[in-house]
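Down below is the structure, laid out as structure tokens.
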Amino acid sequence: MKLQDPKLLVQPAPLLKQPLTTAKAMGDVAFALAPATLAGVWFFGLGALLIVSAGIAGAVLTEWVFSPSGQRRAKLLDGSGLITGLLLGLSLPPGLPLWMAFLGGVVSIGLGKLIWGGLGYNLFNPALVGRAFLLATFPVAMTTWNAHTGDFFAVQASILATPFLQATYDGMSAATPLGTMKFEGQSTPLWDLVIGKTSGCIGETSGLLLVLGGIYLVLRRDLDWRIPASILLSVAAFSLVLFLIDPAGYPDPLFSLFSGGLLLGAIYMATDPVTSPITPKGAWIFGVGVGLLVVLIRVFGGFPEGVMYAILLMNAATPLIDRYTQPRVFGKGIKTP
Amino acid sequence: MRLFKIRGGVHPEDRKLLSAAEPIADLPLPPLLHIPLQQHIGAPATPAVRRGEQVAKGQLLAPNQGQLSAPVHAPTSGRIVGIGSFPAHHASGLNVRTISLQPDGEDRWSNAIEGIADPFALAPAEIAARVSAAGIVGMGGATFPSAVKLNLRERYRLHTLVINGAECEPYLTCDDRLMREQAAAVVDGVRIMAHALGVTRILIGIENNKPDAQAAMEQAARLDDRIRVVHLPTRYPMGSEKHLVQTLIGRETPARGLTADVGVVVHNPATAFAVHEALRYGRPLVSRVMTVSGGAIRRPGNLRVPLGTPLQYLIDHCGGFEVEPARLISGGPMMGQPLPSTRVPAVKGSNGLLALTVEESKWRATMPCIRCAGCVRACPCGLLPLEMATHARTGDLERVADLGLMDCIGCGSCAYVCPSHIPLVQYFNYAKGELAARGRIKQKRIETKRLAEQRAQRMAAIQRAKREAMAQRKRAAAAQKSQATNTD
């Protein structure tokens, strides 16, 4: 053996590493989202698959174009671009033109992530930045909900619309459960909400599959269970208060939990580690804040759905929450007897 | 017994099976021993032997220099062949003052070695003095002179002695083997230390992955009802002194304080064994048990190693390398130090020599931090490692210190869990070193200023004295002159 082997000189302790890597964690998220994605495609037809793919393509391509040529491979392999595109795609309505979905992916990665300095530096959830951009830019397309067509292979005309030329939204439109609740005061059967047989965004309808995926991620220790738990508990609690005050005017807590994008947002978007607090106490504050905002926007705001804005607003508060919730340092504040 | 929960911690694969079944074997004497004069925290020992001198085993080679220091003894009989500098058992590989001894093969103990029949009849201070004279230091790796800790009863109200048999570092089995094979001697050493400390309660904490050691110690501890062997959950870093005390008695040691602040002193089983040897037989600390392990070692095992043995000799005794090792470490894989070469000698604090293969040490390229907070959850000290590392990287060391850098115990739990493989501990060590260096520079500046001011004052005083003396001479001369004129 060589006495001064350079390999012996460098790596600092600890020399053991747990097997989980960032790329593996991203892979787990993609795996957990697969059932809900497939359910969305099953319910909304081939067009939904095209939209999700367009979102992913926009995100991954932007990541590739704006990465230094030497790092491209590594940047794509960390899987974060893929997850952003997938989450964006799942939060889009099933009749959205493909070019809009693609543009959303570009904005998600470009303005949501790269402009901040890349992975780990962004303040806001990239997928939601892309979605907020689309909602602000194409309000009509983003709030047109097509009903199930029944024919899996029939792709609606609006999906294939040419960029920037006025698309026609003539398909069979149907309001979302939250929309009917807000504007018509009508509830939807709970079971339909749980399995996802309603209208809504591609990936948000099947509550059951989203929850199963979430449980998988918690078991794999890929996400902090405190965030979804605190969001869902606080939404249930705040809705219950309103429901008890006026059962006719406000939705019941179970409806609130399973309708709209709450499960998708609470389990997969609010838990984005980059944009959520790092301390356990901070996670609870963050979650309760999201829950409160969701109920406030849904009930008193102009939109039927408020998950996106609730998460984005709490993302902005994350650095502040982190600053004030550091755990007590071992031995600090203990008096010497 | 009810245990208290500590926050954080990790569960690395312990990989102790590689060497746990191997009984402690005596390592044959190497052809040459290199005994560093600094094998402990504090001032180095000063050599008291000359080149060419014949020494006996256990003979004092270099007495300690002051209270916070430890003497060094001859690990075997032989001839001193040199007192010079030799690469240290340290990552830096820098040279330190070292005595080289050529064994004569007789391994003959010095005649001056004499034990005590009943150490419990001695005064506590006398026990501490003997422990100090035997050169015993904390053998868990910290190498703090043990006698200083045994004298804590003078300044603190102590009630409990904790024996840290957690051995939470993966791979290491030296304490495990020692407790299994020498349980009675370890317990005897523990009782002697308890006598010196004047405590009423003794807790021996052993992790649950060492059931044989737990059983052996329980058996040996029966003769003293103050002793309780506590089964600890297997969790890293259970062996961190303050966290162990927290687990056992539920009291948190004040930040930057000593466990003595809460009335507890912690010692290692190997230290207890050394105390037993020193008091009962008068034998100073001249050898220790080391684990030689890792996937690259052909025959991993536990060896009783004379201090000063070159590590290459240990490796050769264990059959050499099966494959070329990727990492060579002194200590455990979580907190151990990389070794600069295999020439360096075994010292009092060496508990393990690990040669890890590429697969075992799993080096991966660093990726951006995704703020997953795994490190925050793993940190047993309640710190935010990712924030500290970010600030250390940008050079904002004051902020790192504000975030609690000095409360970091360097256990490496954060870097272990990091999915992006960020070398967090490396950042903290850099920040600690840099802050210490800045402190020294500041201290130096203050000191220089003080000295310069003193010099200016001294100079001014000399000038003044000169002037006064001159004036006095002048006056005297004038007076003489006038007197002379008067008499004329």
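A single member of A:Leu96, A:Leu15, A:Leu50 is assigned to a loop (DSSP other than H, G, I, E, B), closer than 30 Å to A:Gly306 by Cβ and over 17 Å from the mean Cα position of the chain (by Cα), and it is A:Leu96. For A:Lys281, state whether it is part of a loop (DSSP other than H, G, I, E, B) and basic (Lys, Arg). No. In the set (1) more than 22 Å from B:Leu303 (Cα to Cα); (2) open to solvent by 20 Å² or more (accessible area, probe 1.4 Å); (3) part of a loop (DSSP other than H, G, I, E, B), the condition left unmet by B:Asn209 is number (1). Test A:Leu263 against the criterion of being closer than 28 Å to A:Leu119 by Cβ, of a type in the set (A, V, I, L, M, F, W, C) and not in a loop (DSSP other than H, G, I, E, B), and give yes or no. The answer is yes for A:Leu263. Restricting attention to the stretch B:323-352 and to residues that are more than 20 Å from B:Ser240 (Cα to Cα) and more than 12 Å from chain A (Cβ to nearest Cβ), the residue that is farthest from the chain's Cα centre (by Cα) turns out to be B:Pro345.
Pairing each residue of the stretch A:112-128 that is over 19 Å from A:Leu313 (Cβ atoms) with any residue that is among the acidic types (Asp, Glu), provided the two are 6+ apart or on different chains, yields C-beta distances under 8 Å for A:Leu114/A:Glu63; A:Leu119/A:Asp78. Once the stretch B:17-63 is narrowed to residues that are in contact with a helix residue (DSSP H, G or I) (Cβ under 7 Å, 6 or more places away or on another chain) and part of a loop (DSSP other than H, G, I, E, B), the residue that is nearest to the other protein chains (Cβ to nearest Cβ) is B:Pro30. Looking at the stretch A:300-317, is at least one residue hydroxyl-bearing (Ser, Thr, Tyr), more than 19 Å from A:Ser206 (Cα to Cα) and within 12 Å of chain B (Cβ to nearest Cβ)? There is no residue in the stretch A:300-317 that is hydroxyl-bearing (Ser, Thr, Tyr), more than 19 Å from A:Ser206 (Cα to Cα) and within 12 Å of chain B (Cβ to nearest Cβ).
Okay, residues lined up against (1) out of contact with any Ser or Thr (no Cβ under 6 Å at 6 or more places or on another chain); (2) β-branched (Val, Ile, Thr); (3) modelled with pLDDT of 95 or more; (4) open to solvent by less than 60 Å² (accessible area, probe 1.4 Å):
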residue	(1), (2), (3), (4)
B:Gly115	yes, no, no, yes
B:Ala123	yes, no, no, yes
B:Ile136	no, yes, yes, yes
B:Met139	no, no, no, yes
B:Ala142	yes, no, no, no
B:Val148	yes, yes, no, yes
B:Tyr156	yes, no, no, yes
B:Leu161	yes, no, yes, yes
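Within the option set B:Pro119, B:Pro87, B:Pro103, B:Pro31, being under 24 Å from the mean Cα position of the chain (by Cα) and either of a type outside the set (Val, Ile, Thr) or buried (at least 16 other Cβ atoms within 10 Å of the Cβ) (or both) holds for one residue only, B:Pro87.
When the residues of the stretch A:146-163 are filtered to those that are surrounded by fewer than 22 Cβ atoms within 10 Å (Cβ to Cβ) and hydrophobic (A, V, I, L, M, F, W, C), the one that is farthest from A:Lys75 (Cα to Cα) is A:Ala147.
I'd like the full set of residues that are farther than 21 Å from A:Ala25 by Cβ, open to solvent by less than 30 Å² (accessible area, probe 1.4 Å), at the interface with another protein chain (Cβ under 7 Å from one of its Cβ atoms) and not aliphatic (A, V, I, L, M), limited to the stretch B:397-426. Answer for the stretch B:397-426, where residues must be farther than 21 Å from A:Ala25 by Cβ, open to solvent by less than 30 Å² (accessible area, probe 1.4 Å), at the interface with another protein chain (Cβ under 7 Å from one of its Cβ atoms) and not aliphatic (A, V, I, L, M): B:Gly404, B:Asp407. The number of residues in the stretch B:314-341 being modelled with pLDDT of 90 or more and either in the same structural domain as B:Gly138 (by TED's automatic domain parsing) or surrounded by fewer than 21 Cβ atoms within 10 Å (Cβ to Cβ) (or both) comes to 7.
The values are calculated or read from the model by the stated rules, or taken from the named source; none is laboratory data. Because the structure is predicted, anything quoted here is derived from the model rather than measured. Every residue, glycine among them, receives a Cβ derived from its backbone with ideal geometry; neighbour counts consider all protein chains shown. Note: areas computed on protein heavy atoms with side chains; ligands, DNA, RNA excluded. Shrake-Rupley method; radii C 1.70, N 1.55, O 1.52, S 1.80 Å.
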